[in-house]
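Some notes on the structure that comes next.
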Amino acid sequence: MKGMTAMKPLLFVVFVLFTLNGLNAQTPTWQPSPGHLQMAIWPGTAPDAGAAVPAWPETTKTDPKDLIAGKPVTGVSNVSRPTMTVYSPKGKNTGVAVVVFPGGGYFDLAIDLEGTEVCDWLTAKGITCVLLKYRVPDSGPAWHNDCKCNIHPKAPTALEDAQRTLGLVRFHAAEWHVDPHKIGVLGFSAGGHMAANISTNFDRRAYALVDAADKVSCRPDFAVAIYPGHLLENTTKEFELNPEIPVTHKTPPTFLLQAEDDNVDGVKQSLVYYIALKNAAVPVEMHLYAHGGHAFGLRRTKLPITEWPGLVEKWLGTIGMISS
């Protein structure tokens with residue numbers, strides 16, 4: 001009996017640990033709605049997996065108090081296993097594909113506002129949408145309140161995930177009924193920075209090659225950056241493009257959109273990128289609006305800026321991606 005009595009505290013500890021592990025295993029990870037192919041983008045452990053290890057398991061949270069156009073926003077945080085989800089067109093297929101990078105300050109991902117809702121719009125227009133759930137946090141230059149500064153990641157894991165995904169889409173183009181010469185990117189806020197980053201950093205992979213998919217080009221054929229951020233950092237001058245975004249004549253045609261009253265990523269972000277693109281003779285179209293703020297996604301309001309998807313559709317026609 002004494003032995004059994006002595007074992008009770010130990011059994012309790014084991015029970016607690018087992019229960020906690022079970023709860024951790026059941027922590028919800030984001031899943032797409034039924035009928036869409038979700039796949040891991042890395043065949044094994046992602047490169048530089050130890051560069052930024054999330055403190056907690058991946059979680060999906062919807063805050064009923066955080067409303068955009070009257071609807072809550074769902075965020076995904078602590079992503080250590082990046083995935084891509086393929087949304088195929090509804091009806092007519094234009095052959096165009098767009099890889100979507102949700103924003104979230106490289107802290108989390110606005111997975112519906114700047115992800116699934118974008119795919120609903122694109123697929124309705126005959127465009128394949130590939131939603132990238134990339135690694136966060138600290139996978140890119142992220143703002144930290146403790147130091148009131150942007151940290152620089154130990155490794156560019158968000159760029160690694162983006163390059164890998166572009167290569168995978170091009171590698172699977174025939175299988176997914178995609179034209180390998182009509183694959184673009186679209187990103188919001190931090191995702192807008194990712195769109196610019198991969199548009200100017202595609203000649204060399206940021207990681208050691210894994211398989212045949214890494215041997216095809218990861219250059220986007222076009223890019224759309226909506227209220228992009230992090231384009232004014234790492235400079236010595238007040239109005240100068242981030243040198244980690246090295247624009248050249250090889251940078252793909254680009255569409256930019258931002259509100260002048262954006263108090264998160266100021267309008268200078270788009271302006272400085274626009275000037276660099278023009279100087280490199282890269283086709284670029286920019287739309288600036290007086291009002292709109294930040295992080296409105298595709299949700300329509302009374303503000304004219306929220307009609308931007310129609311502008312992108314017309315622009316895709318002008319650059320020969322879809323029939324105008």
(request) Working only within region 285-298, note down all residues that are buried (at least 20 other Cβ atoms within 10 Å of the Cβ) and among the hydrophobic types (A, V, I, L, M, F, W, C). (result) Ala295, Phe296
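Considering every residue within region 129-145, establish whether at least one is in contact with a Lys or Arg (Cβ under 6 Å, 6 or more places away or on another chain) and open to solvent by 50 Å² or more (accessible area, probe 1.4 Å).
no
Could you say whether any residue in region 113-124 is assigned to a strand (DSSP E or B), open to solvent by less than 10 Å² (accessible area, probe 1.4 Å) and modelled with pLDDT of 95 or more? Before you say what the answer is, go through the steps one by one.
The first filter runs over region 113-124 and keeps only residues assigned to a strand (DSSP E or B), leaving none.
Checking region 113-124: not a single residue is assigned to a strand (DSSP E or B), open to solvent by less than 10 Å² (accessible area, probe 1.4 Å) and modelled with pLDDT of 95 or more.
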(message) Would you confirm whether or not region 292-307 contains a residue that is in contact with a Ser or Thr (Cβ under 7 Å, 6 or more places away or on another chain) and under 17 Å from Gly184 (Cα atoms)?
(response) no
(request) Look through Glu307, Glu285 and report the one residue that is out of contact with any Phe, Trp or Tyr (no Cβ under 8 Å at 6 or more places or on another chain) and outside any loop (DSSP other than H, G, I, E, B). (result) Glu307
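Here's the yes/no breakdown for (1) open to solvent by 30 Å² or more (accessible area, probe 1.4 Å); (2) under 14 Å from the mean Cα position of the chain (by Cα); (3) of a type outside the set (Ser, Thr, Tyr); (4) modelled with pLDDT of 95 or more:
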position: Ala49; (1), (2), (3), (4): yes, no, yes, yes
position: Pro64; (1), (2), (3), (4): yes, no, yes, no
position: Gly75; (1), (2), (3), (4): no, yes, yes, yes
position: Ala97; (1), (2), (3), (4): no, no, yes, yes
(request) Report the residue count in region 167-205 for those that are within 23 Å of Gly103 (Cα to Cα), without any contact (Cβ under 8 Å) to a residue 60 or more places away in the chain and either open to solvent by 40 Å² or more (accessible area, probe 1.4 Å) or not in a helix (DSSP H, G or I) (or both). (result) 3
(request) Check off (1) closer than 23 Å to Lys314 by Cβ; (2) assigned to a loop (DSSP other than H, G, I, E, B) for Asp138 and give me the number that stays unchecked. (result) (1)
(message) Could you check region 227-255 and list, in sequence order, the residues that are outside any loop (DSSP other than H, G, I, E, B) and polar (S, T, N, Q)?
(response) Thr254
(message) Conditions first: (1) open to solvent by less than 60 Å² (accessible area, probe 1.4 Å); (2) over 26 Å from Val73 (Cβ atoms); (3) within 20 Å of the chain's Cα centre (by Cα). Val312 passes all but one, so which condition is the exception?
(response) (2)
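The values are calculated or read from the model by the stated rules, or taken from the named source; none is laboratory data. This is a predicted model, so every value here is computed, not measured. Neighbour counts run over all protein chains shown; Cβ positions are idealised from the backbone, glycine included. SASA here: full protein model, heavy atoms, side chains in, ligands and nucleic acids out. Shrake-Rupley method; radii C 1.70, N 1.55, O 1.52, S 1.80 Å.
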